[in-house]
Amino acid sequence: MESRPLTEEEHNNWIAEVSHELRLPLANIKLLVETLIDGAVEDPVTAMRMLNRTKEEVTRLQNLVSDLLSHEKLQGGRDEMRFAPVDIVRRAQNVLETTAEMAEEKGVVLKLAIENGFELSANEEQIDQVLINLVENAIKFTPAGGSVTVRAGGPPPYLEVEDSGIGMAEAEIPKIFQRFYRVDRGRTRGSTGLGLSIVKHIVDLHGAKIAVTSKEGLGSKFRIDFP
């Protein structure tokens, strides 16, 4: 993928998108604090509920800033990336350990299916980010009692993240890698809308291809094929 500077129009659109995404959590925090100041702090139950909501909005802002920094860092392009042999199976195991608590809270089972061990010439940090983003996304859209499976195999090397979640309409699939796009805002409260955009960018920088298959009510599968 060839890196190029943003045009003036693309830059202005990017600033507008970021401003819009930052404005909502900041407005919510301001409203919550004002409500506490106006007297809600005197009611311990209400105050605690307000403080928990404030904490959620602060976490949302932290995640958004983190994803924005990751997105900006990726604009450097392939030439600035450091590639080295990466044990994909080991990376997948580590990511499942990292997301285990999130899955447990949702009542979702994590599985790892390995064809065989192999190494891939890649940027380890970015491969971790791809896996974490895909697994966390799958957990969010999978109801309790469902499962998320990470598969790795090759050669040629490939990665798959498949869930038994709610799936999506076919018309949604081409849109999901757009910045700030959310399939269902009600189910993705706290999501930055940048996770899959970052995944797509990293996949492109590695010269790989990502394909998505999904059916409503039956789950989704993300497959990455590396060269």
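Give me the pairs: first residue in region 148-166 and not assigned by TED's automatic domain parsing to the domain that holds D128, second residue in a strand (DSSP E or B) and basic (K, R), beta-carbon distance under 6 Å, and six or more apart or on different chains, which are they?
none
Would you please name the residue that is surrounded by the fewest Cβ atoms within 10 Å (Cβ to Cβ), looking only at residues in region 204-225 that are closer than 20 Å to A122 by Cβ and modelled with pLDDT under 90? It would help to see each step written out before you state the result.
Just the residues of region 204-225 that are closer than 20 Å to A122 by Cβ, to begin with: 204-211, 222-225.
After this cut, where a residue has to be modelled with pLDDT under 90 as well, the list is 204-207.
Working: D204: 17, L205: 20, H206: 22, G207: 11.
The residue in question is G207.
So V199 passes all but one of these: (1) touching a helix residue (DSSP H, G or I) at 6+ places or on another chain (Cβ under 8 Å); (2) modelled with pLDDT under 85; (3) closer than 28 Å to P227 by Cβ. Which condition number does it fail?
(2)
What number of residues within region 183-196 are at pLDDT below 80 and buried (at least 17 other Cβ atoms within 10 Å of the Cβ)? Steps first, please.
The initial filter retains those residues of region 183-196 that are at pLDDT below 80, namely 183-195.
Still in the running and buried (at least 17 other Cβ atoms within 10 Å of the Cβ): 183, 191-195.
Residues in region 183-196 being at pLDDT below 80 and buried (at least 17 other Cβ atoms within 10 Å of the Cβ): 6 in total.
Could you say whether any residue in region 111-128 is in contact with a helix residue (DSSP H, G or I) (Cβ under 9 Å, 6 or more places away or on another chain) and at pLDDT 90 or above?
Scanning region 111-128, I find at least one residue that is in contact with a helix residue (DSSP H, G or I) (Cβ under 9 Å, 6 or more places away or on another chain) and at pLDDT 90 or above, so the answer is yes.
In this structure, is D163 at pLDDT 90 or above and either exposed (fewer than 15 other Cβ atoms within 10 Å of the Cβ) or not aliphatic (A, V, I, L, M) (or both)?
yes
The values are calculated or read from the model by the stated rules, or taken from the named source; none is laboratory data. Computed from a predicted model, the values in this text were never measured in an experiment. Please note: Cβ atoms are built from the backbone with ideal geometry, for glycine as well, and neighbour counts cover all protein chains shown.
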